Amino acid sequence: MSGESVSFAEQCLLDRRSILIGFIVSVQYASAQGYKVIEAYKKIDRALQGEALRVKIDSLLAVCEKDSLYLAKEQIAFEYASKSSYLGRLKMAIKYGKIAVEAGKQSNGKTGNLDGALLMLGRYYYNNQQYNKGIQFYEKALKIDKRPYITASAYAELGNSYRQIGDYYRSKDYFDKALKIFEDNGDRINWLIQSINLAWTYEEIDTKESLSNRFDLLLKADSLLSSVELNTYNYNLLKNSIANQYTRESYYNFEKSRDIYFDNIKRGQSNTDTTTLSMTYTNLAYLYNLEKKDSAKYWANKGLEIVTLDSDRARLYDNLSDYYMIMNGFKEALENIHMAMQISLESEMPIAQAPTELQLHNAIAKDYIMYCLRQKCEVLNKLYLETGNEQFINSIIDHVHAGDLLGQMISGRSTSINSKLLWRKEASSLYHLGTEAAKVLGDDATAFSFTEKNKAILLAEEIAENTLNASLPYHLSLRDKALKGKILELEASNSNSDELFNAKQEYNQLKDSINLLYPEFAAQQTNIKIQNLDEVQGSLKRGQLLVSYIWNRPNFSKEKIIGLAIDKNAVKTFEIEADEQWNQQIDQFRDLVSRPLLTGEDLSTFRTLSSKLYQALLPAHIREGKYPGELLIVPDGALQNLPFEALVVDGEGQYL
């Protein structure tokens, strides 16, 4: 689905009106000379443009600096920075935004608008995709905390920034704080706008609870539309968000979603709003793909005719790839997902080539690129199955290696444990596809490596949490435990939201400090040493057998489990098709072992089912070896909750 964030230009226009209130008040305190300079600026701003205007601006700012006219300097720099941003000249906006902040400090805050200048400078950095830099200025604006509007806006922008860098739970906390201030001050318009942004964060979190919270929030926002005059763009954005909710599995309603999108198209066409139209066409393509209908292709192509945002363009090609996958047009599916990846990377490359480390490093939307890598590997796998051409298999291996590099970059990006887990679903599927490809090539070492890396990414965060205090100084360890305990206590008691927010902020600051002051400790939390195949075989004793499983649930391929059986001298691989019947057998077996077997029928069912599972999980060509020593099991997926020791190995009821 297409994104739901409020555009920078829309937000900027709204904020300039509010922030300039500070200047309207402060100008009356300016000197007569300062007032003349401001009037001169207004005249040249109307008469000149481009480089000629910039030269005159610099001249006026030099006069202000020479004569200590800091009020005039701040207003002129602020206005010109805002204008530059609106025209898309972000480097210029940042340059003059810094001058405005400098002037505010030089006046010792007499302008009353230093917080606004800091907020807008943070936004210029945000729009230039320098999110961490923007965060610094939002936090400085919060320290001034004089005007509720600026304070709430700074919290909201922190929410936007942390979502962009993948720290979704921290993003949610900041939006909650912003919405409370807007609501307490009766600012319904900004409450509505930031509700849309919070809804996007909830969607990124993508849990049952977050999607429920998202739906409740959107319905509340929708109920306020009759009493609030929201501009067309934001009105359509809210409606798109609601329609998107109806495409989710638990809320799925094709008719409701379609009708809202169609209403948005009518409004977009009447206002020649290409941004709304391309976003809606993207979402319609996604919706019709869910229905497996040809209309998906129609709406995606219609969107490509008018799209202006690269993020929407990438999603349109992505939807076309899905359409061709559904229709078994794998060559076209590959071309379109590759196009989506190139747009996100802002770089062209041959279709069989995986992204380079430099391309991945420079990419902004790293989570989306991980998705594209996984999607592209699924298409390549389909092409191999269709043609038998091993070039597609080799390309899968290259793309999985690229995903491995990307995962390392992403895992170091966010300080939030929960947020880091969100991209791992795609990475896990990618490693599974790589394991399959390596199996086809007979490359046991690579297959084993991908299997172990898949397990490592799922273990890393749990290990990080469980070992957080292992090697920290004692006073920091105590502080960490105390703050986590306080947060849990406040969450359980539904206490004051400000107190809970402050506790979370204090805990986040502690973690940030630990990462800064003890980098070697921060690194050891997520650095899990992955053994290669030779090391594992060398550590096994004679007679020992290690069986490692990897279970994947791909979008377009059959669900399957790949097993690697490893002894001291050899590796054997096997597959289990994890169809609906298999999953039912796993569930039934777990149910049987969880309760007493009170009847002969129960016992007979248990033995029959247990034997079937044993033969599937350890097929004949694995069991035929003689392993008098230990059998070592490394499970994955639902197998992690399967008691292997309860499997029946023969007709006499002998257990494993």
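Checking the structure you have, find out if any residue of the range 137-155 is among the acidic types (Asp, Glu), closer than 17 Å to Arg214 by Cα, assigned to a helix (DSSP H, G or I) and open to solvent by 10 Å² or more (accessible area, probe 1.4 Å). No, there is no match, as no residue in the range 137-155 is among the acidic types (Asp, Glu), closer than 17 Å to Arg214 by Cα, assigned to a helix (DSSP H, G or I) and open to solvent by 10 Å² or more (accessible area, probe 1.4 Å). Residues of the range 38-57 that are under 23 Å from Ile94 (Cβ atoms) and surrounded by 14 or more Cβ atoms within 10 Å (Cβ to Cβ): Ile38, Tyr41, Ile44, Asp45, Leu48, Leu53, Arg54, Lys56, Ile57. If the condition is being over 16 Å from Ala199 (Cβ atoms) and touching a residue at least 60 places away in the same chain (Cβ under 8 Å), then the range 219-266 contributes only Asn231. Quick check on the range 580-606: of everything there that is among the charged types (D, E, K, R) and open to solvent by 60 Å² or more (accessible area, probe 1.4 Å), which residue is farthest from the chain's Cα centre (by Cα)? Among those residues, the one meeting the criterion is Glu601. From the list Asp259, Asp216, pick out the single residue that is surrounded by fewer than 22 Cβ atoms within 10 Å (Cβ to Cβ) and farther than 25 Å from Ser321 by Cα. The conditions single out Asp216.
Residues checked against (1) within 17 Å of Leu198 (Cα to Cα); (2) surrounded by 24 or more Cβ atoms within 10 Å (Cβ to Cβ); (3) among the β-branched types (Val, Ile, Thr):
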residue	(1), (2), (3)
Lys105	no, no, no
Leu121	no, yes, no
Tyr124	no, yes, no
Gln130	no, no, no
Lys133	no, no, no
Gly166	yes, no, no
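On inspection, Glu575 passes the criterion of being under 29 Å from Asp443 (Cβ atoms), open to solvent by 60 Å² or more (accessible area, probe 1.4 Å) and not aromatic (Phe, Trp, Tyr).
Selection of the range 376-405 for residues being buried (at least 19 other Cβ atoms within 10 Å of the Cβ) and within 19 Å of Thr356 (Cα to Cα) yields Lys376, Cys377, Leu380, Phe392, Ile393, Ser395, Ile396, Ile397, His399, Val400, Ala402, Gly403.
For the range 75-98, residues that are closer than 18 Å to Gly34 by Cα and surrounded by fewer than 23 Cβ atoms within 10 Å (Cβ to Cβ) total 1. Within the span defined as the range 228-240, every residue fails to be under 24 Å from the mean Cα position of the chain (by Cα), of a type in the set (A, V, I, L, M) and open to solvent by 10 Å² or more (accessible area, probe 1.4 Å).
Of the residues making up the range 436-469, those that are assigned to a helix (DSSP H, G or I), open to solvent by 10 Å² or more (accessible area, probe 1.4 Å) and at pLDDT 85 or above number 8. A single entry from Ile94, Ile144, Ile135, Ile99 fulfils the requirement of being over 25 Å from Tyr162 (Cβ atoms) and of a type in the set (Val, Ile, Thr): Ile99. Restricted to the range 529-581, the set of strands (runs of 3 or more DSSP E) holding at least 1 residues that are at pLDDT 80 or above and over 28 Å from Leu380 (Cβ atoms) comprises 545-552.
The values are calculated or read from the model by the stated rules, or taken from the named source; none is laboratory data. Because the structure is predicted, anything quoted here is derived from the model rather than measured. Reconstructed Cβ throughout: ideal geometry from the backbone, glycine too, with neighbour counts over all protein chains shown. Protein only, heavy atoms only, side chains kept; ligands, DNA and RNA dropped before computing areas. Shrake-Rupley method; radii C 1.70, N 1.55, O 1.52, S 1.80 Å.
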